[in-house]
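Remarks on the structure that follows.
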Amino acid sequence: PSLQRHQLLSVKFSVCRVTNIIIVQPTTGANFSGSIMWLMIVLGIFLHFFPSDGEECNKVYFEYGFTCSCHEDDCDFFPPISLPDSGTYLRVSSSEISDRFKQSTHSLITGTSKQNTIFVDSTLAYQQIIGFGGSISDAVGIHAFSLSKKTYGTLMKSYYSSQGLEYNMLRIPMAGTDFSTRCYSYDDHPGDVKLEKFSLAEEDYKYKIPMIQSIFNMTSAEVFIFASPWSAPKWMKTNNKFNGKGVLRPDHYGVYARYFVKFLDAYKKLGIPMWGLTIQNQPITGMIENFPFTCMGWTAKMQLEFIKHHLGPELERSGYSDVQLMIMDDDRYNIPIWTDVILSDPIANKYAKGTAVHFYWDKLTPDILTRAHENFPNHFILGSEACGGRWDNKVRRGSWARGEDYALDIIQDLNHWVVGWMDWNLALDMTGGPNWAKNFKDSPILVDAAKDTFYKQPMYYAMGHFSKFIPRGSFRIGSQRYNVSNSLESTSLLRPDGYLVTIVVNKGSSDVPVQIQDSKRRVFIKDIVSSKSFVTYVWKSV
C-alpha cells in the first residue's frame, strides 16, 4: 500500500493479506517486471517471519493516512492491560507513521529528574472522572446492522468490551437527529397534550435498544447512559418545524416535561435506566434563522424557567430525582452565561447536576471551564459531544490530525475540571452519513457494508489512550512542567487501584525528550516521545 501511496513505482498493484503474508499481484494491463514481483513476494514472506511493530493492525491507506481494517473477528483487539510491578512502567504508544497501541515495559529510574520534566504529584487531587464513550444515532445503527453478525460483534467489542476501548458511557438521542433518515419525535400527533399517543420509534427498537443490549452483554462495567433531545415534537414549537428558528411554546412547558418522563419510563421498562439527561442538544442553533437541521432554541433564561418550574419538579414527582440533569449541551464559550443564569438560582441549582459542553469551539480559552468550576464546585462539567468535520462536512479517511485534535482536547478539558469526554457517532459510512440534512461528519470508525469491513481511524486510537487507562473513579492529580518542549501536552491521573497514568501528546514534527517524575516515590521515567504521537505511561504509585 505504501508503494501506491507514495508513488515510488509507476505500476499498479492489487494487494491482499493472507495470514499476515502480503501477496502482490499485477493488475490487468500493468507493466510489471518479474524481478519486482519476486522481490515483493520475498518481502511479504520476510514480514511474516519478522513482523513489524504494528502487524496487529491490518493497515489500509487512504488519502490522509492509514486506518486499521476489521472484518469478522480479524481485528486489532486491545486486551486488558497487564499492570506493571513497582519497579517498572508500562508504555503504550501510537504514532502517525506506524504504531497503534504498541506496548512495552521499562524500568523506573530511582532519583530526581532535573531536565525536560513533568512533575506528577499524587497528593494533589482534583476532579473525579466519570468516564468516556460515544453515541448511538440512527445512522450508527443503520451501519452497525449492515454488517454481518460476526463483524457487528467485533465493532461493538472494539468499543465497549475488555478487548476494546472499555468505554463506560453512552449518549443516545431522544428521537430523531440530523443523523436520521427522516424527521420525527415520539409524539407526532398535533394537540396530544396528554401524550396518550407517545411511543418510542421504530429506530429505537431496530437500532438503539438492540445495540444497548449488546453493550450490556459484553461488559460487566456499569455503563452510564444519558439522553439528549434535538427537538420537541414540532407542534409544541413556535415555528411548527423540526429545524429552523423556533423555541418551545411557553404553554407547552409542562407537556414537554412530561414528555421527558414518558421517555424515561419507556426505556426503564425495557431494562435500560438513564443515568442522565441534557435538556437540549445545541440550544443556540435553534435561535438561528433557517438553521438547516434538527434543532430547538433555548436561552439560558428559558432553560432556567423550564428546569425550575417544570422539568425539575416533574422528575422529582416521578421518582427520577437521581437522574443527572445537565444544562447547556453546547459549545464551551457559552458556559459563563448559562451557569451564572441557571446555577445561581437556588431551586434550579438543586435540580441541575452538571453542565454539558461540546468540542467545536475549543480553540478558545479553556480557562472559562475553570471559572465555571470555581463558581459552582458541586456541579460537574462533562464533554458531551465531539466529531471531526464540523467546518467542512467531510470525512478525512486516515487523518492523524483529527485524532490529534481529539487527544489534545481531552487533555485540555481534563486539565480544566471536565469529568468525562464523549465522541459523537460511534460509526458512520465512508462518506460520513447518512444524514437527512447532508450535514456529513467524520467518525472514529467508518463502515464499508459492501465489504463487510470497518476501518478504525486515528480518532479511535486517540480515544483509547484515555478510556482504556482511566477507569471511573480516577482523579486528575497535580502535574507541573519544567523546561518541557511546547510540542508536548500532558495530563496525569491517579486510578482507584493506586496506579498513576500520564498521557503525553507530541504535536510537533520532531522527536522530543521527556522525563516524568513521581514526586512521591522519587522515581522517574526517561523517554523520547516520537513526533506526531500519543503515549500513555502507567506505573504504581506506592
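Given the chain, what percent of its DSSP beta bridges are antiparallel, to the nearest 5?
In the chain, approximately 65 percent of DSSP beta bridges are antiparallel ones.
Would you mind checking the pairs K197/K234; K468/K540; K206/K234; K149/K438; K149/K468; K262/K438 and listing those with alpha carbons more than 19 angstrom apart?
In this structure, K206/K234; K149/K438; K149/K468; K262/K438 exceed 19 Å between Cα atoms.
Test of understanding: ordering D99, D330, D74 by Cβ neighbours within 10 Å, fewest first, what list do you get?
Details: D99 20, D330 25, D74 14.
Ascending Cβ contact count within 10 Å gives the list D74, D99, D330.
Across segment 155-168, in residue order, what do the Karplus-derived ³J(HN,Hα) couplings come to in whole Hz, using 6.51 cos²θ - 1.76 cosθ + 1.60 with θ = phi - 60° and x for Gly and Pro?
4, 5, 4, 5, 9, 9, 9, 5, 8, x, 7, 6, 4, 10
Enter the Cα centre distance for the pair segment 229-287 and segment 306-323, rounded to the nearest angstrom.
What the calculation gives is 14 Å, centre to centre.
Taking the Cα-to-Cβ direction at D251 and at H106 and moving 7 Å from each Cα, how far apart do the two end points lie in nm?
7.0
Once amide H atoms are placed 1.01 Å from N in the peptide plane, what residues at a sequence separation of 5 or more from D442, or on another chain, have their amide H within under 5 Å of its amide H?
G388, G389
Given Cβ point charges of +1 (Lys, Arg) and -1 (Asp, Glu) and nothing else, what value in debye, to the nearest 20, does the dipole of the chain about its Cα centre take?
So the magnitude is around 200 debye.
With a cut-off of 8 Å between alpha carbons and a minimum separation of six or more residues, what is the relative contact order of the chain in percent? Don't skip to the answer; put the middle values down first.
Working: 1217 pairs, mean separation 112.4, N = 542.
21 percent.
Around K237, which amide H atoms from residues at least 5 apart in sequence, or from another chain, sit under 5 Å from its own amide H, with H modelled in the peptide plane?
Placed amide hydrogens put R249 under 5 Å from K237.
If r is the Cβ-Cβ distance from D340 to I97 and R0 is 56 Å, what FRET efficiency results, to the nearest 0.05?
So the FRET efficiency works out to roughly 0.75.
Could you please rank I470, I477, I307, placing first whichever residue has the fewest other Cβ atoms within 10 Å of its Cβ?
Result, fewest neighbours first: I477, I307, I470.
Under a straight-distance cross-link criterion of Cα-Cα below 14 Å, which aspartates and glutamates are reachable from K194, leaving out those fewer than 8 residues away in the same chain?
Leaving aside aspartates and glutamates fewer than 8 places away in the same chain, those within reach of K194 are D251.
Order of I525, I81, I209, I327 from fewest to most other C-beta atoms within 10 Å?
So the ranking, lowest neighbour count to highest, is I81, I209, I525, I327.
What is the magnitude of the charge dipole of segment 241-342 about its Cα centre, with +1 placed on the Cβ of each Lys and Arg, -1 on the Cβ of each Asp and Glu, and no other charges, expressed in debye to the nearest 20? Kindly include the intermediate steps, with their values, before the conclusion.
Details: 11 positive and 11 negative charges, 63 e Å.
Roughly 300 debye for segment 241-342.
So which GluC sites (Glu not before Pro) in segment 152-209 pass both tests, a DSSP loop state and at most 10 other Cβ atoms within 10 Å of the Cβ?
E196
Using a cut-off of 13 Å between beta-carbons, work out the net charge of the residues near W235 (Lys and Arg +1, Asp and Glu -1, W235 not included).
Value of the local net charge: +1.
Explain nothing, just compute: Karplus ³J(HN,Hα) = 6.51 cos²θ - 1.76 cosθ + 1.60, θ = phi - 60°, for every residue of segment 279-289 in order, whole Hz, x for Gly and Pro.
3J(HN,Hα) across segment 279-289, in whole Hz: 6, 6, 6, 6, x, 5, 5, x, 9, 9, 4.
As a check on your grasp of the helix formula, calculate [θ] at 222 nm for the chain: sum -39500 (n - 2.57) over DSSP H runs of n ≥ 4, divide by the residue count, round to the nearest 500.
Mean residue ellipticity at 222 nm (helix-derived): -6500 deg cm²/dmol.
Mind checking which of P229, N439, G508 is farthest towards the positive end of the chain's charge dipole, using Cβ charges of +1 (Lys, Arg) and -1 (Asp, Glu) about the Cα centre?
Comparing the listed Cα positions along the dipole, G508 ranks first.
Taking a spot 7 Å from the Cα of A221 along the direction of its beta carbon, which residues of segment 62-89 have an amide N less than 16 Å from it?
77-83
Specify which residue in the list T151, C75, I528 is farthest towards the positive end of the charge dipole of the chain, using unit charges on the beta carbon of Lys, Arg (+1) and Asp, Glu (-1), about the Cα centre.
Sorting the options by dipole projection puts first I528.
State the label only: which of [x] 26.0; [y] 28.1; [z] 60.7 corresponds to mean projected area of the Cα convex hull in nm² computed from the shown model?
[x]
Please name which of C295, Y267, L364 has its Cα lying farthest along the dipole of segment 131-471 towards the positive end, using unit charges on Cβ (Lys, Arg +1; Asp, Glu -1) and the Cα centre as origin.
My answer, from the dipole projection, is Y267.
Would you pull out the residues with amide H under 5 Å of N415's amide H, same chain only if 5 or more places away, H placed 1.01 Å from N?
Residues meeting the criterion, in which the H sits 1.01 Å from N, do not exist here.
We did not get these values from a lab; they are worked out from the coordinates using the rules stated. In this text the structure is predicted, and so the values were computed from the model without any measurement. Cβ atoms come from the backbone with ideal geometry, glycine included; neighbour counts cover every protein chain shown.
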